[in-house]
Amino acid sequence: MPTVLFAAPALWAEYRTALPQALAEAGVAARVVTEAPPEEVDYIVYAPGVPLQDFTPYRRAKAVLNLWAGVERIVGNPTLTQPLCRMVDPGLTEGMVEWVTGHTLRHHLGMDRHIVNPGHVWDPTCPPLARERPVTILGMGALGSACAAGLRALNFPVTGWSRTPKPGCLHGEDGLRQALATAQVLVLLLPKTPETENLLNAERLALLPRGAVILNPGRGALIDDDALLAALDAGHIGHATLDVFRVEPLPPDHPYWSHPRVTVTPHIAADTRATSAARVIAENIRRGEAGEPLLHLVDRARGY
């Protein structure tokens with residue numbers, strides 16, 4: 001019977017029942033514990049920021065199963081030699097699609113001018129149809145692809161861009177310039193890597209159509225904050241709805257809080273749901289025990 005070390009104590013209350021139940025449903029008889037001698041541990045369920053940082057003693061472990069979609073805070077750990085799997089949670093994906101779709105519609109329909117209208121201005125101007133509002137998504141992984149499908153179902157023309165070639169989307173620097181040039185709504189869903197940090201800098205912000213809206217539920221470091229504030233002040237960027245930041249919680253004196261063209265949401269675009277995430281963990285443990293390939297393996301060289 002494999003021993004599963006749940007090494008994320010702050011989340012244990014959410015998974016205490018969900019993980020054993022998911023393992024039972026997957027037909028896996030396993031012992032789930034919050035403490036165990038390293039030499040007895042077969043799998044480690046992990047979340048960044050937990051006390052466990054040295055994986056060296058866990059020589060028997062077949063995999064480290066991350067509870068977060070992002071792995072930038074663990075992938076560079078030199079003691080981590082075990083296979084690392086990131087979380088691709090159906091519940092998290094649904095939440096991200098809802099956030100991206102909701103905020104895209106908010107800006108597309110111009111809802112703010114009606115919801116916040118202290119002057120009682122009667123403005124019967126109608127928005128264009130969705131098919132006339134081009135959207136670009138940077139990052140066409142599981143989340144980006146799902147958001148693209150959701151927006152296309154509403155008739156938004158969606159251009160996808162990926163750092164590496166993928167069917168049906170642009171890639172590379174030339175592709176990025178092309179993707180930005182038409183983006184009336186720009187959605188950032190890239191992972192944080194050395195190559196993506198400050199990807200949206202002053203030069204690339206200038207490529208966007210005047211008045212473009214930026215939605216960032218990906219990673220705070222994707223944006224050069226000073227460049228974005230300057231583009232907002234100049235009126236080149238119409239609005240930025242930001243869910244992720246370099247420092248979280250966002251400091252109270254950060255200019256994003258008070259900027260009239262910025263909406264701050266407190267990292268709520270998508271969350272891992274214990275019930276569905278536990279099934280993903282259980283399936284990987286089943287695969288590990290059966291000698292099958294693990295799901296969502298992280299490419300250490302790429303960092304995701």
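What follows is calculated from the coordinates using simple rules that are stated; it is not laboratory data. The shown structure was predicted, so the numbers you read here are calculated from the model rather than taken from an experiment. Glycine gets a Cβ as well: all are built from the backbone with ideal geometry, and neighbour counts include every protein chain shown.
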Residues Arg302, Arg204, Arg86, sorted so that the one with the fewest Cβ neighbours within 10 Å comes first: Arg302, Arg204, Arg86
Ellipticity estimate at 222 nm from DSSP helix runs (n ≥ 4, -39,500 (n - 2.57)) divided over the chain, nearest 500: -8500 deg cm²/dmol
Relative contact order of the stretch 91-264, pairs being alpha-carbon contacts under 8 Å that are 6 or more residues apart, as %: 17
Loop chymotrypsin sites (Phe, Trp or Tyr not before Pro), the stretch 60-122 (other Cβ atoms within 10 Å of the site Cβ: 12 or fewer; DSSP): Trp122
Residues whose placed amide H lies under 5 Å from that of Ala212, excluding near-sequence neighbours: Gly238
DSSP bridge pairs, the chain: antiparallel proportion in percent, nearest 5: 5
GluC sites (Glu not before Pro) restricted to DSSP loop in the stretch 33-75 with at most 14 other C-beta within 10 Å: Glu35
Among Ile115, Ile237, Ile281: highest mean-square fluctuation, GNM of the chain, C-alpha pairs under 10 Å: Ile115
Mean Cα-pair separation over length for the chain, i.e. relative contact order, pairs under 8 Å, 6 or more apart, %: 20
Considering only the stretch 91-264, percent of DSSP beta bridges that pair antiparallel, nearest 5: 0
Karplus-derived 3J(HN,Hα), 6.51/-1.76/1.60, for each residue of the stretch 167-184, Hz, glycine and proline x: x, x, 9, 6, 7, x, 5, 5, x, 5, 4, 5, 5, 6, 4, 10, 7, 6
Contour excess over end-to-end distance, with Cα ends at Asp174 and Asp112 and 0.36 nm allotted per residue: 18.9 nm
